[in-house]
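The values are calculated or read from the model by the stated rules, or taken from the named source; none is laboratory data. A quick note: this is a predicted structure, and the numbers were derived from the prediction, not measured. Because the Cβ atoms are built from the backbone with ideal geometry, glycine has one as well, and the counts that use them run over all protein chains shown. Quick note on the areas: whole protein, heavy atoms, side chains included, nothing else; ligands and nucleic acids left out. Shrake-Rupley method; radii C 1.70, N 1.55, O 1.52, S 1.80 Å.
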Amino acid sequence: MDAEVRTQVLVVGAGNAGLSAAVAARQRGAEVVVLEKAPREHRGGNSALTVHMLFAYEGVEDVKPLVGDLPPDVMRRMEERVTRYTKDMYYDNIMRVTEGKSDPELATILVERSADTVQWMRGLGHLWEPTFENPVSANVVSWEGGGHGMSTRWFDAFERLGGTVLYDTQAVDLLQDEEGRVTGVRALGLNGFMNIHAGAVIMAAGSFESNAEMRARYLGPLWDTVKLRGTPFNTGEGLQMAMNIGALPNGSWSSCHASPQDAERPAFDYPGYNKTGDFWSRYSYPFSVMVNLYGRRFVDEGETWRGLTYAKMGRAILAQPRGAAFQLFDAKHRQLDVIRGYEKATGFSANTLEELAEKLGILDIPTFMQTVRDYNDATQPGEFGAFRLDGLGAPGLEPPRSNWALPLDTPPFEGFPVCCGMTFCFGGLKTSVNAEVVHTMDRPIPGLYAVGEMLGGLWHWNYPSGGGMMAGAVFGRIAGTHAAGVVG
């Protein structure tokens with residue numbers, strides 16, 4: 001016989017979105033239980049592997065409270081470097097990268113409530129550190145201790161408020177009453193099945209990126225073999241459970257967050273093990289020349305800020321022969337200090353481009369050499385600027401090159417093999433502005449909410465770096481507050 005557990009608000013998933021919802025509900029006085037599918041040592045989902053969230057700010061004074069006390073020289077540089085990232089700029093970037101397909105109402109809520117939400121998090125003990133000196137990045141601050149530190153602080157805040165976390169416990173089915181209201185979940189723990197009854201259920205169980213069958217079904221060929229930049233636990237049951245009772249799918253189910261990763265990266269990351277978050281990421285590509293196995297360029301590496309292109313760059317790499325690409329640099333890039341985070345990268349160095357191509361295993365070296373010659377010939381004189389869109393392009397090329405184009409002509413030359421690494425899927429569930437899940441009959445499903453990667457409609461084909469984590473906190477807070485009000 002199944003064990004029986006009762007609470008007021010049940011949160012399924014213990015990442016940033018789920019714990020944001022859980023903490024908000026506890027602050028409103030609701031009794032809250034959180035289910036975490038993973039064991040305690042690997043808790044936190046993909047959130048524990050990230051580094052920041054994107055929020056609007058009018059100037060450096062809005063950012064200072066997040067970072068605590070800083071050495072005077074660091075504070076001075078931050079005051080000089082950090083200008084503003086307004087709500088209008090944020091909204092425009094969302095619409096730009098999603099080609100206008102983002103749900104305007106959800107995008108507006110995300111943008112309007114982002115600054116207030118990070119200040120709320122600061123009051124709960126979250127802490128950021130300066131990262132404004134990273135080139136081509138809009139991340140002026142990131143979490144102290146990375147995603148692992150952020151995740152730990154969420155758990156600490158929830159437990160201080162008296163919340164309960166059940167580890168090694170997977171939701172299996174949603175429970176409903178005769179009127180269709182969601183009244184809890186059936187779950188499987190280490191000691192067997194249990195029924196957890198609740199006045200409201202907030203689904204924050206991630207998307208389906210860890211499920212090869214679902215990746216192939218929704219994203220198409222090759223995606224079933226892709227490596228994950230994230231946890232192995234997000235296998236899509238939460239979405240399937242909700243759709244089984246009539247939840248309406250929403251957003252772009254055929255696209256996902258996929259970025260350039262070290263070719264030798266493992267198949268996935270365990271939260272709690274890779275505490276740095278970006279150990280395998282190869283994000284200096286805007287300064288590189290990136291070619292495929294046959295020595296041909298295939299993207300505008302310097303199209304715009306890295307945070308607006310990296311989540312679509314993995315798809316472009318996967319589409320190349322054998323899903324392989326190579327990022328190429330020369331001595332100037334080292335001197336300019338724009339090859340960041342590659343200290344332990346899989347890579348090769350050579351004094352000639354031909355030798356480098358051989359070491360990398362490029363199959364058509366004559367084509368490769370012609371690609372580099374054409375690129376070098378097209379580069380223009382001008383002032384290189386790693387912290388701005390410098391307009392230093394290479395006109396006449398196809399694909400074009402818009403910024404940060406330096407000729408590859410100064411040995412030693414370096415090359416880094418990269419592959420596509422997938423983080424999460426953009427498809428999710430239709431919700432109201434309060435994160436209530438919408439039925440296919442175009443009405444809310446009473447008692448059911450979806451947040452984080454399960455909330456669909458914001459992202460299509462691409463997204464702005466940190467936008468997903470910010471959406472998780474914003475809508476998690478909204479859902480937890482609303483659910484506590486309903487059951488209170």
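Here are some notes:
- Sites listed here are trypsin sites (Lys or Arg not before Pro) in segment 130-183 whose DSSP assignment is loop and whose Cβ has at most 16 other Cβ atoms within 10 Å: 181.
- Taken along the Cα-to-beta-carbon direction at a fixed 7 Å, the label points for residue 4 and residue 88 span 5.9 nm.
- Label sites at residue 168 and residue 319, each approximated as a point 7 angstrom past Cα along Cα to Cβ, lie 4.5 nm apart.
- Couplings 3J(HN,Hα) of segment 402-413, computed from phi: 9, 9, 6, 8, 10, x, 8, 9, 10, x, x, 9 Hz, in residue order, whole Hz [Karplus 6.51 cos²θ - 1.76 cosθ + 1.60, θ = phi - 60°; x for Gly and Pro].
- A straight chain from residue 69 to residue 178 at 0.36 nm per residue would run longer than the Cα-Cα distance by 33.7 nm.
- Hydrodynamic radius (Kirkwood) for the chain, which is based on Cα pairs only, to one decimal in Å: 23.2
- Phi angles of segment 185-202 translate, via the Karplus equation with coefficients 6.51, -1.76, 1.60 and θ = phi - 60°, into HN-Hα couplings of 9, 8, 10, 10, x, 5, 9, x, 7, 8, 9, 10, 8, 8, x, 8, 10, 10 Hz per residue; Gly and Pro are given as x.
- Between residue 122 and residue 461, the FRET efficiency estimated from the beta carbon spacing at R0 = 41 angstrom works out to 0.80.
- Nearest-0.05 FRET efficiency for residue 364 and residue 222, computed from C-beta distance (R0 22 Å): 0.50
- 5 angstrom amide H check on residue 6, placed H, neighbours 5+ away: 197
- Size check on segment 234-369: the Cα extents along the three principal axes, sorted descending, read 61, 33, 27 Å.
- Sulfur and carbon atoms: percent of accessible area, the chain [1.4 Å]: 51
- Net charge contributed by nearby residues that have their C-beta within less than 15 Å of residue 484 (K/R +1, D/E -1): +1
- Sum of -39500 (n - 2.57) over DSSP H runs of 4+, divided by residues of the chain (222 nm, nearest 500): -9500 deg cm²/dmol
- Distant-in-sequence amide contacts of residue 295, defined by a placed amide H-H separation under 5 Å and a gap of 5 or more residues or a different chain, comprise 363, 364.
- Within segment 348-428, the GluC sites (Glu not before Pro) that combine a DSSP coil assignment with at most 12 other C-beta atoms in a 10 angstrom radius are 383.
- Database remark: amide H of residue 127 closer than 5 angstrom to the amide H of 144 (H placed geometrically; neighbours at sequence offset of 5 or more, or on other chains; Pro and chain starts carry no H).
- Förster-model FRET efficiency, 45 Å R0, residue 343 and residue 193, C-beta, rounded to 0.05: 0.45
- For segment 208-218, Karplus couplings with θ = phi - 60° (6.51, -1.76, 1.60), whole Hz, Gly/Pro x: 10, 5, 8, 10, 4, 5, 5, 4, 5, 5, 9
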